[in-house]
There are 2 protein chains.
Amino acid sequence: MIARLTGRFPQGPLVELGPGDDAAVVRAPDGRYAATMDLLVEGRHFRTDWSSAYDVGRKAAAQNLADVVAMGARPTALLVGFGAPPSLEVAWAEALGDGLRDECALVGASIVGGDTVGAEAITVAVTALGDLGGRPPLTRTGARPGDVVAVRGRLGWAATGLAGLSGAVEVPERFVAAHRRPEPPYAAGEEARALGATALLDVSDGLVQDLGHLARGGGVGIALASALVPLDEGVALRDALTGGEDHAFAGTFPADRPLPPEWRVVGEVVEGAGVTVDGGRVERGGWDHFGR
Amino acid sequence: MIARLTGRFPQGPLVELGPGDDAAVVRAPDGRYAATMDLLVEGRHFRTDWSSAYDVGRKAAAQNLADVVAMGARPTALLVGFGAPPSLEVAWAEALGDGLRDECALVGASIVGGDTVGAEAITVAVTALGDLGGRPPLTRTGARPGDVVAVRGRLGWAATGLAGLSGAVEVPERFVAAHRRPEPPYAAGEEARALGATALLDVSDGLVQDLGHLARGGGVGIALASALVPLDEGVALRDALTGGEDHAFAGTFPADRPLPPEWRVVGEVVEGAGVTVDGGRVERGGWDHFGR
């Protein structure tokens with residue numbers, strides 16, 4: 001099965017040695033690399049009755065590639081650990097591999113290795129690696145009072161889709177599709193760099209929660225204005241502020257720097273601590289006062 | 001919990017950015033790096049009634065560090081994905097982290113990042129990264145007819161210990177300890193390089209099976225002599241030939257190169273294909289003809 005899977009993975013120019021040895025060998029032209037890992041478990045991070053194997057692969061790759069991009073790095077390589085019950089059809093694993101491969105193709109990354117084991121629950125562990133191209137990483141610590149806070153990408157789409165899948169409400173199919181297969185705007189890393197970003201991260205757990213990392217990291221506060229938060233038609237403010245899994249990118253930028261329209265200013269960095277919306281402290285689960 | 005865990009992980013000089021951002025940043029002085037991953041699942045790769053959390057950590061790190069060493073690389077960094085039921089005590093996770101950390105300390109590697117998620121079964125995904133120091137990787141493809149095959153490390157200890165834990169037989173405690181916590185001779189990578197190794201791997205699935213990779217990789221045959229296989233007191237030949245998880249290192253070397261006593265010659269590389277023992281083809285599970 002491993003041979004059938006790895007045969008589907010083309011190897012890019014930065015791969016010196018791909019799958020099949022004790023370890024892969026990947027070039028790091030910059031003399032260092034970005035490295036991140038996520039673990040996805042069936043029933044907790046995906047459901048096989050809600051998502052196809054191909055979609056699980058796309059999503060597992062996307063959330064890790066987004067983390068590399070959020071460092072201002074270019075994704076180069078993925079390692080994939082795959083656990084599954086013996087009863088799982090090989091076709092499922094192949095479709096997962098195809099999804100991983102196709103998402104990697106968007107950014108030029110290669111699947112260079114991994115592991116296949118037995119497990120009760122389908123388990124996908126993805127490590128993503130990337131090259132910084134000689135530039136400093138875009139960390140979570142650089143936000144300064146006076147910076148603007150801006151977002152690039154979808155907010156609340158996946159959360160809306162999840163509510164639809166749960167049967168709680170009827171939602172348009174595009175949100176369900178967004179839950180199954182996020183579309184991180186991978187160009188955002190290079191764009192943020194060009195725009196002088198002082199800090200950057202990808203929104204995986206929800207805008208307010210993730211901006212909390214930038215606030216803590218910079219020793220600053222972040223003041224959001226709900227009227228500025230981009231609300232696509234059919235998305236509630238609550239979901240735009242708290243919904244995760246869309247893998248938008250959020251960063252802080254010098255206030256005197258004009259931003260292109262893809263980057264939506266949603267607030268500013270202030271002295272203090274924590275994240276406020278319209279001046280109010282945000283409690284997890286306490287969203288009823290956002291009536292919009 | 002993540003903060004409690006990462007607070008226990010010292011960061012070495014090659015770590016530019018450790019845990020806490022979207023991704024870690026690790027230096028690759030050589031301009032490339034070795035990368036490998038293993039996935040371990042409770043009930044399949046370890047049992048919590050047989051192994052302590054600390055031992056699971058040691059073992060999970062060891063088997064990945066051994067893969068990096070088997071490339072002739074120096075391990076520099078680990079990423080660890082950890083899945084566990086909410087009911088698991090934090091102390092268990094901390095002991096796991098301590099085990100990972102202490103094994104890394106043997107080779108100077110740092111735990112630079114990872115992920116913590118909910119899961120029914122305790123799941124540990126480990127990615128290990130290493131630096132090649134400007135030298136070519138020691139792959140599985142270099143064995144040439146006329147080379148000798150030599151092994152450095154324990155054979156059959158973990159398999160003997162596993163038989164003891166299973167209650168099948170009474171075995172000395174040292175074998176049970178070896179099953180719980182392998183002790184790969186990490187110096188073997190540098191040694192093999194200095195000795196002119198043409199190919200190297202770590203023995204994770206069993207000597208005969210893993211040497212099959214060197215045979216296929218080199219397009220050669222490997223002829224083992226059972227009388228040469230090192231048998232520590234209390235280890236059966238069958239276990240020495242087929243037992244995995246000790247993470248000994250097996251390599252091929254030019255025949256004119258004297259090897260120090262730590263490296264035990266067990267056979268030679270020949271024209272042909274596959275692995276033979278005393279001239280006989282070895283079938284999986286068909287070991288009764290080795291009566292020694």
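The values are calculated or read from the model by the stated rules, or taken from the named source; none is laboratory data. These numbers come from a predicted model, not from an experiment. Reconstructed Cβ throughout: ideal geometry from the backbone, glycine too, with neighbour counts over all protein chains shown.
Can you tell me which residues in the range B:56-70 are within 14 Å of B:Gly189 (Cβ to Cβ) and part of a helix (DSSP H, G or I)?
B:Ala62, B:Asn64, B:Leu65, B:Ala66, B:Asp67, B:Val68, B:Val69
Answer yes or no: is there a residue in the range A:24-31 that is in a loop (DSSP other than H, G, I, E, B), touching an Asp or Glu at 6+ places or on another chain (Cβ under 8 Å) and either basic (Lys, Arg) or surrounded by 24 or more Cβ atoms within 10 Å (Cβ to Cβ) (or both).
First, the residues of the range A:24-31 that are in a loop (DSSP other than H, G, I, E, B): A:28-31.
Then keep just the ones that are touching an Asp or Glu at 6+ places or on another chain (Cβ under 8 Å); that gives A:28-30.
Cutting the leftovers down to either basic (Lys, Arg) or surrounded by 24 or more Cβ atoms within 10 Å (Cβ to Cβ) (or both) gives us A:28.
There is at least one residue in the range A:24-31 that is in a loop (DSSP other than H, G, I, E, B), touching an Asp or Glu at 6+ places or on another chain (Cβ under 8 Å) and either basic (Lys, Arg) or surrounded by 24 or more Cβ atoms within 10 Å (Cβ to Cβ) (or both).
Output the residue which, of all residues in the range A:74-131 that are among the charged types (D, E, K, R) and either touching a helix residue (DSSP H, G or I) at 6+ places or on another chain (Cβ under 7 Å) or assigned to a strand (DSSP E or B) (or both), is surrounded by the most Cβ atoms within 10 Å (Cβ to Cβ).
By that ranking, first place goes to A:Glu103.
Inside the range B:149-175, can you point out the residues that are under 27 Å from B:Thr36 (Cα atoms) and aliphatic (A, V, I, L, M)?
B:Val149, B:Ala150, B:Val151, B:Leu155, B:Ala158, B:Ala159, B:Leu162
Just checking, how many residues over the range B:236-253 are over 19 Å from the mean Cα position of the chain (by Cα) and closer than 20 Å to B:Asp202 by Cβ? Outline the logic, then answer.
Going residue by residue through the range B:236-253, those that are over 19 Å from the mean Cα position of the chain (by Cα) are B:236-238, B:253.
If we keep only those that are closer than 20 Å to B:Asp202 by Cβ as well, we get B:253.
Looking only at that region, the number is 1.
Restricting attention to the range A:138-150, does a residue exist that is more than 30 Å from A:Pro10 (Cβ to Cβ), crowded, with 24+ Cβ neighbours inside 10 Å and of a type in the set (Ser, Thr, Tyr)?
no
Quick check on the range A:80-96. Is at least one of its residues of a type in the set (A, V, I, L, M) and within 12 Å of chain B (Cβ to nearest Cβ)?
Yes, the range A:80-96 has at least one match.
Only one residue in B:Gly7, B:Gly20 is at positive phi and not aliphatic (A, V, I, L, M), so which one is that?
Of B:Gly7, B:Gly20, the one residue that is at positive phi and not aliphatic (A, V, I, L, M) is B:Gly20.
Looking only at the range B:100-121, count every residue that is within 11 Å of chain A (Cβ to nearest Cβ) and farther than 21 Å from A:Ala34 by Cα and tell me the total.
Number satisfying all stated conditions: 5.
Criterion first (on the phi < 0 side of the Ramachandran plot and crowded, with 24+ Cβ neighbours inside 10 Å) does B:Leu65 satisfy it?
In short, yes.
Give the residue, chosen from B:Ala66, B:Ala121, B:Ala95, that is within 20 Å of the chain's Cα centre (by Cα) and in the same structural domain as B:Gly43 (by TED's automatic domain parsing). Spell out how you get there, then give the answer.
Details: B:Ala121 fails: within 20 Å of the chain's Cα centre (by Cα); B:Ala95 fails: within 20 Å of the chain's Cα centre (by Cα).
Going through B:Ala66, B:Ala121, B:Ala95 in turn, the sole match is B:Ala66.
Among the numbered criteria (1) within 10 Å of chain A (Cβ to nearest Cβ); (2) within 29 Å of A:Ala28 (Cα to Cα), which single criterion is violated by B:Pro10?
(1)
Hey, does the range A:225-239 have a residue that's among the β-branched types (Val, Ile, Thr), touching a strand residue (DSSP E or B) at 6+ places or on another chain (Cβ under 6 Å) and more than 16 Å from A:Arg140 (Cβ to Cβ)?
Within the range A:225-239, one or more residues are among the β-branched types (Val, Ile, Thr), touching a strand residue (DSSP E or B) at 6+ places or on another chain (Cβ under 6 Å) and more than 16 Å from A:Arg140 (Cβ to Cβ).
Sort out which residues of the range B:13-26 are farther than 21 Å from A:Ala199 by Cα and facing chain A (nearest Cβ under 10 Å), and write them in order of number.
B:Leu14
Could you list, in sequence order, all residues of the range A:4-56 that are in contact with a Pro (Cβ under 9 Å, 6 or more places away or on another chain) and among the aliphatic types (A, V, I, L, M)?
Passing the criteria: A:Leu5, A:Leu14, A:Leu17, A:Ala23, A:Val25, A:Ala34.
With the condition kept exactly as written, say whether any residue in the range A:193-208 is over 17 Å from A:Val235 (Cα atoms) and assigned to a helix (DSSP H, G or I).
Checked against the condition, which is being over 17 Å from A:Val235 (Cα atoms) and assigned to a helix (DSSP H, G or I), the range A:193-208 yields at least one hit.
Check off (1) farther than 27 Å from A:Ala53 by Cα; (2) modelled with pLDDT under 95; (3) not β-branched (Val, Ile, Thr) for A:Ala168 and give me the number that stays unchecked.
Just one mismatch for A:Ala168, condition (1).
Look at the range B:26-49 and say how many of its residues are under 17 Å from A:Asp30 (Cβ atoms) and without any contact (Cβ under 8 Å) to a residue 40 or more places away in the chain.
Qualifying residue count for the region: 1.
Find the residue count for the range B:35-79, including only residues that are of a type outside the set (Lys, Arg), farther than 22 Å from A:Ala35 by Cα and within 14 Å of chain A (Cβ to nearest Cβ).
Keep residues of the range B:35-79 that are of a type outside the set (Lys, Arg), which gives B:35-43, B:45-46, B:48-57, B:60-73, B:75-79.
Then keep just the ones that are farther than 22 Å from A:Ala35 by Cα; that gives B:41-43, B:45-46, B:48-56.
After this cut, where a residue has to be within 14 Å of chain A (Cβ to nearest Cβ) as well, the list is B:41-43, B:45-46.
Of the residues in that region, 5 qualify.
Can you tell me which residues in the range A:246-262 are surrounded by fewer than 24 Cβ atoms within 10 Å (Cβ to Cβ) and not in a strand (DSSP E or B)?
Once the filter is applied, which keeps residues that are surrounded by fewer than 24 Cβ atoms within 10 Å (Cβ to Cβ) and not in a strand (DSSP E or B), the range A:246-262 yields A:Pro254, A:Ala255, A:Asp256, A:Arg257, A:Pro258, A:Leu259, A:Pro260, A:Pro261, A:Glu262.
When you go through A:Pro182, A:Pro230 one by one, which is the residue that is under 21 Å from A:Ala73 (Cα atoms) and more than 14 Å from chain B (Cβ to nearest Cβ)?
Details: A:Pro230 fails: under 21 Å from A:Ala73 (Cα atoms).
It is A:Pro182.
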